[in-house]
Structure formats: structure tokens, C-alpha cells
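I have placed the structure first, in the form of C-alpha cells, so that the comments after it can refer back to it.
Each value in this text was obtained by applying a stated rule to the coordinates, not by laboratory testing. All figures in this text were calculated on a predicted structure; none of them were measured in a lab. Counting neighbours? That spans all protein chains shown, and the Cβs are built from the backbone with ideal geometry, glycine included.
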């Protein structure tokens, strides 16, 4: 049985806007659109995991505020925070938690496969990704999926999510806490929308090797060819990491008139990293 003591705040926000990501290609991307799904009219559902008192919710909710309307917002009573969680493992903790939230009807993925759940983690909680990367060491965010086929959600066999660990450990000039939070969130959301099932494609390749290529290309979407060969991280935001124009931190004006630190992503049409 999966049990964990925590406090969670969930807000559902409808978005129909393009995203971006920050950092630059040392070699020209060999991006290809394979046969996997993409999310065309994304609805972003932030989940704030951990003590509400310690979460920088103002930063998260401000960044996630859309050009459109807020769908719903509610709190989840889930035990107490007197016994705080200090670490999360994606496969042991995050995936089972998200699965349980769907099963219990707490979160309800859009029937048109438009939902992305942005899992923001409170300070003091270390995260291990589904492929073993550690927050504050080898990753600042990732996106993945949960197989919910057996829950019979109409048209939604997979729940798509991003994980954004607290970025405080990585703050250094010229970046502020808010910069890093917004950069990581926009980077992962852009890739979750354009390549939602890459983790599944990589799992297939790890198990089947070269014999799994045909199957992997049926679930991968916009990704560099070498990524499916397990040679490089090559989604649309990865190729724009490390751009020289990051100082000062570039700002983008949102639909609410405020400035945000949004990452760039690779545009096949413009053959360059862009913000859209």
C-alpha cells in the first residue's frame, strides 16, 4: 500500500499558449516528429507538494497564471505535516501518488488528453527522477508519465506530468530563485507538450535495445534521433540550454503584462532557439 504524509495544494489552470525554453545548441538538432502523441490544447494543473507554509506558492501560482481562465483550485487533506517528507523517488513515490489521486477522483485528466500535472516540490525535499537523476546534482526538472490504462479514463491511457524540485540549491548570479523556478517549469512543460511519452520510449529502448526502435518511435514525438539511441538529451528545450545571451536573464512579457523568465526552445521553421 502506498502511504505518505504530506500537505498538497492543487490548482487547475487552462492554457492554450505556446511555451519556450532556454539554452543553445552546440550542433544543429536533428529533430524529427515521430508517431507519438503531442498535447495540442494544454491544461496545466500545478500540484504543490509539501508543507504549504514553506512552499513559495506566490512564485508558482504567479508563473502559472494563464492568458485564459483559472479552472478550479482546492486543497487536499492528506494526513499531517508533523512528520515531513525529506525525499521523493519518482517510481516509488511520485508515480504511485499521482495514480492514487486519479483513482480516488481527486484529479481528473482532460478526456481529450490535454492535461499536464506540474508537480512542484517544497524546499527541503530531494527528488530522484524515474531514471535516477538527483535534484541539486544532475537535474533541475524532468517530465514523465503514469500508465492509468486500467483506470479506464476515457481517451487517456497515460497521465502526463512534470516535476520541478525546489531550485534554491542552484541559485547563483545572474539567476534569482524566481528565474530558476520559471525557467525549469517552462522548459519541462514545453517538452511535456511536444514529447509527452519520451520516458516510455526510452524504457522500451533500455529493455529491447535496437530491436525496440520501431516500437519506441510509435510513442516518441518531437525529439532528436540520437535521443532514441540513448546518446543525448535532445528535446526541443534541451537544444537551447546554455545560450550566451542568458546574462542578463531574458524576460518575456506574459498575457497579464508581467515579466517572466521563460526558456527558449528549438524552432524547426526558424532554425533557431525562440521564445513564443
Practice task
Using a Förster distance of 22 angstrom, determine the FRET efficiency expected from the C-beta separation of residue 155 and residue 40, and round it to 0.05.
Solution key: 0.95
Exercise for the section: For the stretch 107-261, just list the percent of Cα-Cα distances falling in each 5 Å bin from zero outward, please. Expected result: 2, 8, 15, 19, 20, 16, 11, 6, 3, 0, 0
Problem - Highest to lowest packing among 205-211, 134-140, scored as the average C-beta count within 10 Å - result: 134-140, 205-211
Completion exercise
Fewest-first ordering of 193, 102 by Cβ atoms within 10 Å yields 102, 193
Practice task
Could you line up 133, 166 from fewest to most neighbouring Cβ atoms inside 10 Å?
Solution key: 133, 166
Exercise for the section: Quickly work out the residue 252-to-residue 92 label distance, labels modelled 7 Å from Cα along the C-beta direction, and quote it in nm with one decimal. Expected result: 3.6 nm
Exercise for the section: Please order 43, 259, 235, 172 by the number of other Cβ within 10 Å, starting at the fewest. Expected result: 172, 259, 43, 235
Handout entry: Gyration tensor verdict on the stretch 169-246 (Cα atoms; rounded if a/c is under 1.5, prolate if a/b is larger than b/c, oblate otherwise)
Key = prolate
